[in-house]
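A quick write-up on the structure given underneath.
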Amino acid sequence: MKVIGINASPRKHGNTETLIQTVLDAAAQKGYETERFDLNTMSYKGCQACMWCKTHGHCKLSDDLTKVLDGIKDADAVVFGSPIYFAQLTGQFRMFQDRLYSFVGPDFKVSLKPGKKAVVITAQGNPDANAFKTAPDALTASLKMLGFSVVDTILLEAGNSPSAAKDRKDLLDRAAAAGASL
């Protein structure tokens, strides 16, 4: 089984990365192959609306995101993680998310093999966990449209400190349990 993590945080070793890596580490301890992609270190464009993917089965763009999209095709489970900025997932994530359109055919059938699992992770500074709930909810809806089964959504609130996740045993335990259950 292969599990990949997609980290849309620009902050190295921050809360989002910590929680994603906790899921991946737990999956690795169960014997799963894991890999993490850090979007902020990659060079890529958003969807160009060229519709190439509708007749060729893959995105026309060849950039750093190509290996992420190929990783999603090959993975059995994917951990999607992003901080929340201005009530939305990061720009890095949104550009990546638009490229997931390449998995949707002209007949709106999804080309990904069925049965993929997903874990959604978000981190926000606001202490009210419901303040920006629309961001992970919208992502979950998109993932379900692509055929993913979302097994857990982990939200870190009051995450102003880059190390806030490291102090949240409850969330670290939950992330580890999510990784072990994949």
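Split the accessible area of the chain by element, probe 1.4 Å, and carbon with sulfur accounts for 52%. Relative to one another, the C-alpha centroids of the stretch 15-71 and the stretch 147-167 are positioned 19 Å apart. Relative contact order, whole percent, for the stretch 24-182 stands at 25, derived from Cα pairs under 8 Å and 6 or more residues apart. Kirkwood Rh and Cα-based Rg: tell me the resulting Rg over Rh for the chain, rounded to two decimals. Result: Rg/Rh = 0.95. Shown in residue order for the stretch 33-45 are the 3J(HN,Hα) couplings computed by the Karplus curve 6.51 cos²θ - 1.76 cosθ + 1.60 at θ = phi - 60°: 6, 10, 7, 10, 10, 9, 4, 5, 8, 9, 10, 7, 10 Hz (x for Gly and Pro). Entry note, the stretch 1-90: relative contact order of 44 percent, from Cα contacts under 8 Å with a spacing of 6+ residues.
Here the simple spin-label model places points 7 Å from the Cα toward Cβ, and for D98 and D170 these points are separated by 3.7 nm. Between H13 and T140, the distance separating the two model label sites (each 7 Å from Cα on the Cα→Cβ line) works out to 3.3 nm.
Compared with the dominant principal axis of the Cα atoms in the chain, helix 169-181 is inclined by about 40°. Residues whose amide H comes within less than 5 Å of that of K117, counting only those at least five positions distant or on another chain, are A77, V78, S149 (H built at 1.01 Å from N in the peptide plane).
Distances between placed amide hydrogens fall under 5 Å for I154 paired with V120, I121, T122, all partners being 5 or more residues away or on another chain. With the simple model of a label 7 Å out from the Cα in the direction of the Cβ, H58 to V150 spans 2.9 nm. If you take the square roots of the eigenvalues of the alpha-carbon gyration tensor of the stretch 37-133 and sort them as a ≥ b ≥ c, do you get rounded (a/c under 1.5), prolate (a/b over b/c) or oblate? It is prolate, given that a/c is not under 1.5 and a/b is the larger ratio. Summary: within the chain, the longest segment free of trypsin sites (Lys or Arg not before Pro) located in DSSP loops with at most 15 other C-beta atoms within 10 Å is 110-182.
When the Cα gyration tensor is reduced to axis lengths a ≥ b ≥ c, the ratio a/c is 1.5 or higher for the stretch 1-71, and with a/b not above b/c it is classed as oblate. Calculate, for L112 and K30, the FRET efficiency according to 1/(1 + (r/R0)^6) with r their C-beta to C-beta distance and R0 25 Å; round to the nearest 0.05. Result of the calculation: an efficiency of 0.65. Going by alpha carbons, how many degrees (0 to 90, nearest 10) lie between the helix axis of 15-29 and the longest principal axis of the chain? Between the helix axis and the principal axis of the chain, the angle is about 80 degrees.
If the cut-off is 13 Å between C-alpha atoms, which aspartates and glutamates fall inside it for K54, apart from same-chain ones fewer than 8 positions away? K54 reaches D107.
The values are calculated or read from the model by the stated rules, or taken from the named source; none is laboratory data. Just so we're clear, the structure is a prediction, and the values are computed from it rather than from any experiment. Every residue, glycine among them, receives a Cβ derived from its backbone with ideal geometry; neighbour counts consider all protein chains shown. For accessibility, only protein heavy atoms count, side chains too; no ligands or nucleic acids. Shrake-Rupley method; radii C 1.70, N 1.55, O 1.52, S 1.80 Å.
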